[in-house]
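For reference, the structure discussed in these notes is given below.
Just so it is clear, none of the values below were taken in a lab; they were calculated from the coordinates. Small disclaimer: the values here were computed from a predicted structure and weren't measured. Here the Cβ positions follow ideal geometry from the backbone for every residue, glycine too, while neighbour counts run over all protein chains shown.
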Amino acid sequence: MATLCRPSIAVPENVLTNEETLELARTMHADHPQLRLALRLIENTGVMTRHLVQPIEETLKHPGFETRNKVYEAEAKRRVPPVVYGALDNAGVTVEDIDLIVYVSCTGFMMPSLTAWLINTLGFKPETRQLPIAQLGCAAGGAAINRAHDFCLAYPDSNVLIVACEFCSLCYQPTDLGVGNLLSNGLFGDAVAAAVVRGQGGTGMALERNASHLVPDTEDWISYAVRDTGFHFQLDKRVPTTMKMLAPALRTLATQHNWDVSGLDFHIVHAGGPRILDDLCYFLNVDPEMFRFSRATLTERGNIASCVVFDALDRLFEAGGVADGSKGLIAGFGPGITAEMALGRWVSESPTLGEETSERRSEQQAGVA
């Protein structure tokens, strides 16, 4: 049984508060004809703080797509390794135990993928398989879990490392003045996350079933326009209503597994905004308390794209987890409109892998210092 173990999360040191965001909007867009609407929308996100890879003064500049992408690559190489080591430790495995690395990110581009750099730099086996996922946006966290689950079903003794790296602030476009973009400027944050799916053993969510669902004819609701200045985020005003269309898919998945989605013991879902969580409560007949971890992520870190589900899951671990056998759901939502969903039960088991000495761990970490 493949088990999703405790994630490791890191956020950058530069903090931007909601009030600072509102003041920036008032100052920079004083003459915007829809400023009042934009301010109200930003206030209603529920986001109190966000973390940025660069100070806000640098974030607001646009030195060009090439320079920004170099920042993405440098910051990824600096910030990902400690998070990877944290995830390996949480799962009780080492780099030698990993058979596949799934890397998800929609905020920068590298080829070869960062997976190649990780294998060369952190000492993973040359035979380690690579699966970069770049175009599923916020749904990619759920997709990574599902593809790791599929791999472990095919190769039951394998272990998969998932890495999510999202620097949304590097997609800031100062010339995009639509209300949707002003809202996005007050919603998204930066983070790095990693987690291991173990084919055997481990503590966490034992994955039992996964599925994807695409809402027909909605591919232009969330999208990127790729221009000379980089990725321009495009958000349709209908996006907040998508849970009415996706909630039935969540219910159907549970029903196919002979579970009642309204009676699950825990829910870890992508918190793109407060409306998503509010609507899921309504359409799934779930108590708002069930989404407290996802809402805490949104409040304290903003929408951190594919990292959200891992941050929310880590908060569940931090709270002590749930009783063994508890039934739960993980779901990521993103462009398409796409839902990536997984069902599983909580299991507790002492790791049996990864019994390396602290000296060996220090040697590995020194290799990327």
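The C-alpha atoms of the chain occupy a region whose extents along the principal axes are 62, 48, 35 Å, arranged from largest to smallest.
Normalised by 2.2 N^0.38 Å, where N counts its residues, the alpha-carbon radius of gyration of segment 1-106 equals 1.46. Using only Cα atoms, locate the centre of segment 74-124 and the centre of segment 150-212, then give the distance between them in Å, rounded to an integer. Between the Cα centres of segment 74-124 and segment 150-212 lies a distance of 13 Å. Computed from the alpha carbon positions, the gyration tensor of segment 204-347 leads to an equivalent ellipsoid with semi-axes of 26, 17, 13 Å, biggest first. Couplings for segment 290-302, taken from phi via the Karplus curve 6.51 cos²θ - 1.76 cosθ + 1.60 with θ = phi - 60°, read 5, 9, 5, 6, 5, 5, 5, 4, 4, 5, 8, 9, x Hz in order; Gly and Pro are left as x. Per-residue packing, averaged as other Cβ atoms within 10 Å, sorts the ranges 19-26, 76-83, 137-144 into the order 137-144, 76-83, 19-26, beginning with the highest. Rounded to the nearest 20 debye, the dipole size of segment 3-198 about its Cα centre is 160 debye, using +1 on the Cβ of Lys and Arg and -1 on the Cβ of Asp and Glu.
Of Pro240, Phe266, Gly321, which is farthest on the positive side of the dipole of segment 204-347, counting Cα position, with +1 on Lys and Arg Cβ, -1 on Asp and Glu Cβ, and the Cα centre as origin? Toward the positive end, the furthest listed residue is Pro240.
Dipole magnitude for the chain: computed about the Cα centre from +1 point charges on Lys and Arg Cβ and -1 point charges on Asp and Glu Cβ, it is near 500 debye. In the chain, helical runs assigned H by DSSP with n ≥ 4 each contribute -39500 (n - 2.57); averaged across all residues and rounded to the nearest 500, the mean residue ellipticity at 222 nm is -11500 deg cm²/dmol.
Taking other C-beta atoms within 10 angstrom as a stand-in for reagent exposure, Thr255, Thr45 fall in the order Thr255, Thr45, fewest first.
If you take the Cα centroid of segment 1-63 and the Cα centroid of segment 304-344, the two points sit 22 Å apart.
Cross-link partners for Lys125 among the lysines, with Cα-Cα distance under 24 Å and sequence neighbours closer than 8 places in the same chain left out: Lys77. Counting only DSSP beta bridges whose two residues both lie in the chain, roughly 75 percent are antiparallel.
On the principal axes of its alpha carbon atoms, segment 54-131 extends 42, 24, 18 Å, with the longest extent given first. Neighbour counts of C-beta atoms inside 10 Å place Leu16, Leu88 in the sequence Leu16, Leu88, starting with the fewest. With all pairs of separate Cα atoms included, segment 49-194 yields a Kirkwood hydrodynamic radius of 16.3 Å.
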